Amino acid sequence: MKTLESFTDDTTEKSKTFPSIPGKSKDFLEEKMEDSKKSPDSLEKTSHRSVPSAGFIIDTIEMRKFMRYIDKTTIDFPEKFTVIVGKTGSGKTTILDAITFALYKSTSRTDLPGVKIEDVCKNDGYVKICFYQGKNKYEVKRGLTNNGKSYVTLKMNDEIIPGSIPETDEKIKNIVGLDYTGFRNSTFVRQEEMKQLGSETGSERLEIFQKLFRLEIFGKAQEKVAEKVKKINLDLERITAVIELKKEYVSEIPGKKKTLEEKKTEMGYETIKLRMTEKMIEEKEKELKELLGKHEDFLKVEANIESAKKTLGNIDTRLEKAFMEEKKTKGIKDEVKSLEKETKDAEMLRAEADGLKEKIQKLHYFQNEKGIYEKQKKGLMDEYKKEAERLLSRLREKEKRIKGLRTEIDKDKAFSLLRTQGKLDERISRIEKEIEWLKDRLNIVEKLREEQKTAKENLRNISENVSNINVDSFVLSEIEEEMATIKKDLEKKEKDYKKKSSMLEEDMKNIENKMSSLGVSDEEEKRLEKLRTLISDIQKKKEILEMKKKKMQELGDVSKLVNDLKAQKEEVEEKIKNLSSKLNVFDESEKRYIGIGEEIKKLQDKKMDLTNKISGFKTGIKMLEKEIEGLENIQKEIGEIEKKEKELRKKLEAYSVLKEHVFHKKGIVMYAINKLLPHLETEASKNLSELTDSRFNNVKIETYEENKKYGVNINVVGPDTLWHDVQEFSGGERTQINAALRFAIAKELSSLPQVGKTYGRMKTLFIDEGDIGSLDPEISRELFVKKLFDMGKFFEKIILITHLTEVSEKFPSRIQINMTANGESRVEVMK
């Protein structure tokens, strides 16, 4: 968070952007600045960079694809006074936007919400301006490339000054000496500004003065201070809540300390109990130690008895096992005899089984071989059927095609018919000739005519058949040939099948003969199966027999072991009896030893409980001490926080003064405007006298405060020698008053010293329309133009933009702006 001093430094630095106005004594604002450790004359001092005294002087403008200037357009300003004339909407004001676009990448259009640079300058478009600043000539070119990328270049005396776009933008501002708003206010007089000065309310006039002289910065400073005030109030609310909460915590300290003392007292009582318990344990352990010798003897006797009992148990177990093994040995002997009887015919049965097995294996071999032949025969039959069906299918297809043909005459018959037709044609023709030759020989002629009739009849019949000859005749022959081939293939397949099938049947017959020669019956196969089962069972029994024989060898003679174990048992039983009689001697001392041990255990449990309880007290006491320490630290923090609260309240008081008095309109803003007004009144009165031919020559500008609202009153002495508000005058008179005021402001702005990038000497003045159209008498317009020429004392170049041709004719340099049928602006220099 900034301190009051640092924030005052910021706002004082911003206040330096207003020019020095000497000759005034200390006022409320200066006293507040003094409170902020600033010099009382801080508003009288300005720190600015020195710039050439000549100021900004426009020379030429070149543009392409900028707003309505699509083609490359160049405008020169060689004269001191230039007028730009054209109809409303023709593109006159665009020239002003072109200048600010090149210098600052800003225009009156892009100042509006939603309007982008791409809306005023198209791809491959640009604006280039040349101007003088001091003795140097500068060229600035700004635009968009073919792909819409921004660029800007800067030259001084035809030499490029390198740099990135941000660096070049900053260099341009340093060269011109003003930022966008400062340049626009100092160089342009727009039509709406002329009208607003005299037609708006007092508060709105004050806003216009603030805008033109860049005093709105103090309004922004007031907003920032208001934010500071709001933040400090929120911080104070938070700090107050924190203090109250911390005080609530601190109020618990006495109770916590009382609880701490109580816990310490209680822990003392428990510590005494612990010491007493430890002493009792020590006494009991001493008594127990005295009985330890007898207890150890008791344990030895008791251990010997337990060992003897264990030995006795082992003997009983072994004896029981020996009895079981003896019984088991007798059973195994009986089993061995039985198994030996059951397995004596094993070899004879195995020989019988081997003979049957060999015969049956041969039978199975022949059966498998027969199955292979049967499978081959079936495959052969299936293949033949499949192939025969395929050929028959093709044959049926050919027959179906023949049925679909348009003729029954095949190729050979067709050729035969055609040959016969030819012969008959030739014969009829020859008979005609012969009849002619032999016409005198009637009997021959008669025969010839009969022959001719017969030939013609035959020809007619032949011709009917010939008419049935078409392309299908040749197809028919082709199909019939294919069918003949298919039938031959079918016959061949059938012949091959029968041959192969006969050979397979012969092989199968040979195999069946071999099978019959073996003479294997179903009973023999059943006998072999039964033998296999018997042999398998006998083999298992033989294996069991071998195991039983081996087990008998391992067991040996068990009766000797049984007798030894019985003798050992009697000996151990006698030992246990003798040891038990010794144990009775230690009964009383052992009971006393056990009782003391139990008492010691109870005392140790009590000691553990007391130790845990004391440990709990220590933990609780430590936690309480830590809580009390934390609360005492909070108590210290409350003091620090209260100091911060006091500091914040001091800051709040100071920021409130800045908000309500210093940066408020009644503060710096009204102070600065009141400093300006006397000089503006004098200059405006002089201008008005010249514009009205001395009909009006007194202007009074004064600030006012009414119902906490602030504004500017503009009054003029009328023909009745009384003061009247500017709004009481006619439209033309109001235009003259507005022009007088605006010219005075323009002169004031042009004469201000260089102050940062807010104010600076400008040597070019653009007047956009100037509301000249509302001046009715011709003399009023002439006086306006005369006054405009008189402003040439303060500016190197003055450019008027107007739609009035009669006004433009009074200027030595005229530029005509026209609008083409397709909405493009065109420039024409008028001589």
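Every residue, every condition in (1) modelled with pLDDT of 80 or more; (2) of a type in the set (A, V, I, L, M, F, W, C); (3) open to solvent by 60 Å² or more (accessible area, probe 1.4 Å), yes or no:
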site	(1), (2), (3)
Glu782	no, no, yes
Val785	yes, yes, no
Lys797	yes, no, no
Ala821	yes, yes, yes
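Consider segment 63-88 and keep the residues that are outside any loop (DSSP other than H, G, I, E, B) and hydroxyl-bearing (Ser, Thr, Tyr). The one that is surrounded by the fewest Cβ atoms within 10 Å (Cβ to Cβ) is Thr74. Does Met483 satisfy being open to solvent by less than 70 Å² (accessible area, probe 1.4 Å) and either at pLDDT 85 or above or part of a helix (DSSP H, G or I) (or both)? Judged against the criteria, Met483 is a match. Here Thr758 meets the list (1) crowded, with 22+ Cβ neighbours inside 10 Å; (2) under 17 Å from Arg190 (Cβ atoms); (3) of a type in the set (S, T, N, Q); (4) modelled with pLDDT under 80 almost entirely, failing just condition (2).
With respect to the stated conditions, Gly268 fails to be open to solvent by less than 70 Å² (accessible area, probe 1.4 Å), within 23 Å of Glu598 (Cα to Cα) and over 60 Å from the mean Cα position of the chain (by Cα). Among the residues that make up segment 322-331, is at least one of them among the small types (Gly, Ala, Ser) and either at pLDDT 85 or above or within 24 Å of Ile596 (Cα to Cα) (or both)? Within segment 322-331, not a single residue is among the small types (Gly, Ala, Ser) and either at pLDDT 85 or above or within 24 Å of Ile596 (Cα to Cα) (or both).
Comparison of Gly125, Gly91 shows that the only residue that is open to solvent by less than 30 Å² (accessible area, probe 1.4 Å) and part of a strand (DSSP E or B) is Gly125. Taken over segment 260-286, the residue count meeting the criterion of being in contact (Cβ under 8 Å) with a residue 24 or more places away in the chain and under 18 Å from Ser615 (Cβ atoms) is 11. Within segment 674-700, the residues that satisfy the criterion of being in contact (Cβ under 8 Å) with a residue 40 or more places away in the chain and among the β-branched types (Val, Ile, Thr) are Thr692, Val699. For segment 311-350, enumerate the residues that are of a type in the set (Val, Ile, Thr), open to solvent by less than 80 Å² (accessible area, probe 1.4 Å) and farther than 21 Å from Gln539 by Cα. If the condition is that a residue be of a type in the set (Val, Ile, Thr), open to solvent by less than 80 Å² (accessible area, probe 1.4 Å) and farther than 21 Å from Gln539 by Cα, then Thr311, Ile315, Thr329 are the ones that fit. Hey, does segment 321-329 have a residue that's over 30 Å from Ile511 (Cβ atoms) and in contact with a Gly (Cβ under 9 Å, 6 or more places away or on another chain)? Yes - at least one qualifying residue is present in segment 321-329.
Any idea which residue in segment 97-122 is least open to solvent (accessible area, probe 1.4 Å), counting only those that are modelled with pLDDT under 90 and in a helix (DSSP H, G or I)? The qualifying residue least open to solvent (accessible area, probe 1.4 Å) is Ile117. Selection within segment 409-455: residues that are in contact with a helix residue (DSSP H, G or I) (Cβ under 8 Å, 6 or more places away or on another chain) and not in a helix (DSSP H, G or I). The member of this set that is least open to solvent (accessible area, probe 1.4 Å) is Ile409. Residues in segment 151-170 that are open to solvent by 40 Å² or more (accessible area, probe 1.4 Å) and either assigned to a strand (DSSP E or B) or among the aromatic types (Phe, Trp, Tyr) (or both): Tyr151, Thr153, Lys155, Met156, Glu159, Ile160.
Only residues that are touching a residue at least 24 places away in the same chain (Cβ under 8 Å) and closer than 30 Å to Gly293 by Cα: list them for segment 592-639, please. Within segment 592-639, Arg592, Tyr593, Ile596, Gly597, Glu599, Ile600, Leu603, Gln604, Lys606, Lys607 qualify.
The values are calculated or read from the model by the stated rules, or taken from the named source; none is laboratory data. None of these values were measured; they are calculated from a predicted model. Don't worry about glycine lacking a Cβ; one is built from the backbone with ideal geometry, like all the others, and counts go over all protein chains shown. Protein only, heavy atoms only, side chains kept; ligands, DNA and RNA dropped before computing areas. Shrake-Rupley method; radii C 1.70, N 1.55, O 1.52, S 1.80 Å.
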